[in-house]
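First comes the structure, then the notes that go with it.
Just so you know, all these numbers are worked out from the coordinates, no wet-lab data involved. Computed from a predicted structure; not experimentally measured. Cβ sites come from the backbone with ideal geometry, for glycine too, and all protein chains shown count toward neighbours.
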């Protein structure tokens with residue numbers, strides 16, 4: 001009698017695969033369609049951002065942070081400039097207008113990132129129309145980005161001590177119109193997905209992770225809150241004046257893909273609320289802190305005032321020198337806690353910069369979430385974790 | 001004097017018969033090919049509209065030359081055969097998918113009878129290539145053959161994603177063919193014939209044999225709504241349309257069974273997909289919507305019904321996400337199959353009682 005032997009099939013999913021959201025490689029061991037073992041391989045997009053930072057002045061690092069999570073550049077900028085400001089001890093000197101604009105842009109960034117997430121997540125599961133609807137709205141945000149910073153993706157907008165430029169005239173009403181229209185658009189996406197039986201079947205009970213496991217792994221952001229842990233840095237460790245705004249932190253308890261989907265949509269609604277509140281509170285005023293050793297003086301002063309000229313020359317040619325010390329600053333980026341750990345040796349560039357990217361930590365949950373599930377669930381889980389490889393590989 | 005029309009036969013008027021037959025074959029074949037080409041255009045335009053974008057609009061007026069440009073492009077592309085692929089099977093597979101899709105058109109009646117006089121005799125020509133007395137069985141058999149192409153493509157590519165696609169399609173097609181096939185059994189029970197033409201003619205009788213209701217068409221969609229639903233869902237799965245496009249599932253299997261194909265072979269898969277869509281729409285129009293019957297001139301009615309179905313399939317694609325493999329199997333075996341069996345039993349009881 002011939003013995004029946006079964007073999008598992010090893011399949012390389014990625015780095016060239018339409019649904020691995022970049023250059024993630026997953027080595028899957030499949031028994032039929034059931035995933036026995038999943039091993040993520042990362043590093044295909046490694047650009048050495050942390051090492052490069054050690055040879056740049058503090059201001060020159062901001063454009064590098066744009067390229068971490070390239071779907072949410074302003075959140076990366078924000079985390080970095082907050083860390084440097086903390087290191088310099090000028091956190092309290094940031095003018096109110098700059099903080100309001102930072103919050104507006106950070107929340108627009110959250111919307112932008114979540115829109116791309118929903119678009120790709122839905123496309124991965126097969127709903128093509130949502131993809132284009134989401135990109136329609138994202139296009140508005142990129143337009144706003146362009147008007148604010150000149151770039152559609154790599155914004156490089158925030159500066160240590162404030163902003164690079166003030167908002168162009170009339171843009172606040174454009175942002176307001178967009179933020180007001182957003183909830184209706186979210187309802188539109190929900191109309192296509194939430195009640196759809198196929199969508200529910202594909203997401204409910206898929207990729208579950210318990211609150212304990214999530215905390216053990218260090219998951220942050222929507223994935224943590226969908227597992228029932230009420231933790232949001234904007235509320236629990238506020239920065240940039242987030243304590244002034246009235247917003248809710250949505251929490252859900254089913255730990256599955258569907259709950260993460262609903263939770264992110266709720267977050268998008270809250271983001272529009274925050275944007276509208278920040279626009280209401282936005283008053284004319286300076287956009288840069290009054291710290292001449294750190295902040296570049298206005299161009300007009302440079303040509304008229306010898307002191308400003310000297311400061312300008314020193315900051316441009318050498319950079320500023322924070323005191324020796326170390327600092328950690330975390331912000332609630334769209335994908336979770338984005339942390340910057342800076343060590344200064346008193347020179348013009350950081351001795352060490354360690355980035356804690358949320359995607360990198362959240363990706364660790366993937367094997368646990370997919371093992372024993374079907375191949376199609378791997379796609380759903382990659383989508384629901386909302387990873388960006390630029391941030392994982394740095 | 002009213003002449004009774006004569007039916008063309010091979011034995012009495014061989015040349016005329018051959019000529020008319022060739023004419024019908026060319027019309028049906030070229031018509032299908034044209035619809036295939038412009039179905040791709042229509043799909044892109046319609047889905048584009050639904051997704052707030054333009055669709056093709058640069059090639060020719062309103063992008064109307066896009067299908068031709070696509071065809072030309074694919075025709076001139078390098079035809080890559082992977083070194084580890086099974087050569088013969090790899091080449092054969094796309095043809096094995098396309099041929100059955102076109103063959104099924106042969107038994108579909110696309111219009112009523114055409115009358116013409118030749119040499120003083122009035123002849124009658126049915127607008128159908130051939131009226132097999134087991135037409136529906138023939139179609140089911142051809143649909144079954146089409147699966148081999150996909151399986152073969154999956155196996156011959158010698159690629160793991162293709163293999164998975166091939167396996168998925170085997171399981172899927174077998175399960176859904178069963179449901180779709182059983183759902184139309186109820187139609188035969190009502191029409192008491194397997195000939196496609198006979199089924200259409202049965203639908204031209206007054207509904208339930210009641211003369212006073214003759215303003216209502218006796219289309220089987222009214223008497224057999226459940227069978228209609230089952231057939232549409234089953235055939236959607238059989239032709240790999242969303243939400244049942246698992247064998248090619250681009251985001252999971254990187255196009256599944258056609259991952260390794262390029263150039264014209266790849267185009268053949270797509271032509272087959274659209275040809276299958278046309279075939280299924282034509283079958284549905286014939287079996288459930290009274291074929292060529294309707295307010296307009298014969299074949300125009302038929303085409304309207306076919307296009308309505310194709311629009312429906314395209315619409316579905318813009319709306320639904322994809323099912324998962326196990327859910328697909330569950331739906332096929334535990335929902336659709338029992339329902340179609342129950343439908344047969346209920347129809348049987350109804351026929352016995354009335």
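From other protein chains only, count the Cβ atoms within 10 Å of every residue's Cβ in B:322-332, then give the mean.
On the way: counts 10, 7, 14, 7, 6, 6, 1, 0, 1, 2, 0.
The mean count of partner-chain Cβ atoms within 10 Å per residue comes to 5.
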**Prompt:** Using Cα atoms only, what is the angle between the long axis of helix A:306-317 and the major principal axis of chain A, expressed in degrees (0 to 90) to the nearest 10?
**Reply:** 30
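Quick check on the stretch B:237-303: take the gyration tensor over C-alpha atoms, sort the square-rooted eigenvalues as a ≥ b ≥ c, and tell me if it's rounded (a/c under 1.5), prolate or oblate.
Details: a/c = 4.72, a/b = 2.35, b/c = 2.01.
Taking the square roots of the gyration eigenvalues as a ≥ b ≥ c, the stretch B:237-303 is prolate.
Over chain B, what is the relative contact order in whole percent, taking alpha-carbon pairs under 8 Å and six or more residues apart?
Computed value for chain B: 22 percent relative contact order.
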**Prompt:** Which order, highest average first, do A:316-327, B:258-269, A:253-264 follow once you tally other Cβ atoms within 10 Å for each residue and take the mean per peptide?
**Reply:** A:253-264, B:258-269, A:316-327
**Item:** Kirkwood-type radius of the stretch A:34-77, with distances r between different C-alpha atoms, in Å
**Value:** 12.5
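Average partner chain C-beta neighbours within 10 Å, per residue of A:33-46?
1
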**Message:** Just want the ordering: A:35, A:295, from fewest to most Cβ atoms lying within 10 Å of their own Cβ.
**Reply:** A:295, A:35
**Prompt:** Given the convex hull over the Cα atoms of the stretch A:307-394, what projected area results after averaging over all orientations, in nm²?
**Reply:** 7.9
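Just want the ordering: B:125, B:36, from fewest to most Cβ atoms lying within 10 Å of their own Cβ.
Going from sparsest to densest Cβ surroundings: B:125, B:36.
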**Prompt:** Normalized C-alpha radius of gyration of the protein assembly as shown, against 2.2 N^0.38 Å?
**Reply:** 1.19
**Complete:** For the stretch A:194-268, shape from the Cα gyration tensor axes a ≥ b ≥ c, cut at a/c of 1.5 then a/b versus b/c, turns out oblate
**Item:** Rg(Cα)/(2.2 N^0.38 Å) for chain B, N = residue count
**Value:** 1.05
**Message:** For the pair residue B:134/residue A:9, report the inter-label distance in nm, with labels modelled 7 Å from Cα in the Cβ direction.
**Reply:** 3.5
**Asked** Full extension from residue B:117 to residue B:68: what is 0.36 nm times the residue separation minus their Cα-Cα distance, to one decimal in nm?
**Response** 13.8 nm
**Request:** Any chance you could give the angle, 0 to 90 degrees and rounded to 10, that helix B:66-76 forms with the longest Cα principal axis of chain B?
**Result:** 50
**Prompt:** By count of other Cβ within 10 Å, fewest leading, how are A:54, B:238 ordered?
**Reply:** A:54, B:238
**Complete:** On the formula 1/(1 + (r/R0)^6), with r taken between the Cβ atoms of residue B:25 and residue A:171 and R0 of 56 Å, the FRET efficiency rounded to 0.05 is 0.30
**Message:** With the crude spin-label approximation of a point 7 Å out along Cα→Cβ, what separation in nm comes out for residue A:44 versus residue B:341?
**Reply:** 4.7
**Request:** Compute the long axis of helix B:135-156 from its Cα atoms, compare it with the longest principal axis of the Cα atoms of chain B, and write down the angle in degrees, 0 to 90, nearest 10.
**Result:** 10
**Request:** With a point put 7 Å past each Cα toward its Cβ, work out how far residue B:12 is from residue A:354 in nm, to one decimal.
**Result:** 9.7
**Message:** When a/c reaches 1.5 or more, the comparison of a/b and b/c decides; with that in mind, is chain A rounded, prolate or oblate per its Cα gyration tensor?
**Reply:** prolate
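Give the average, rounded to an integer, of partner chain Cβ atoms located within 10 angstrom of each Cβ in A:196-202.
Rounded to a whole number, the mean comes out at 5.
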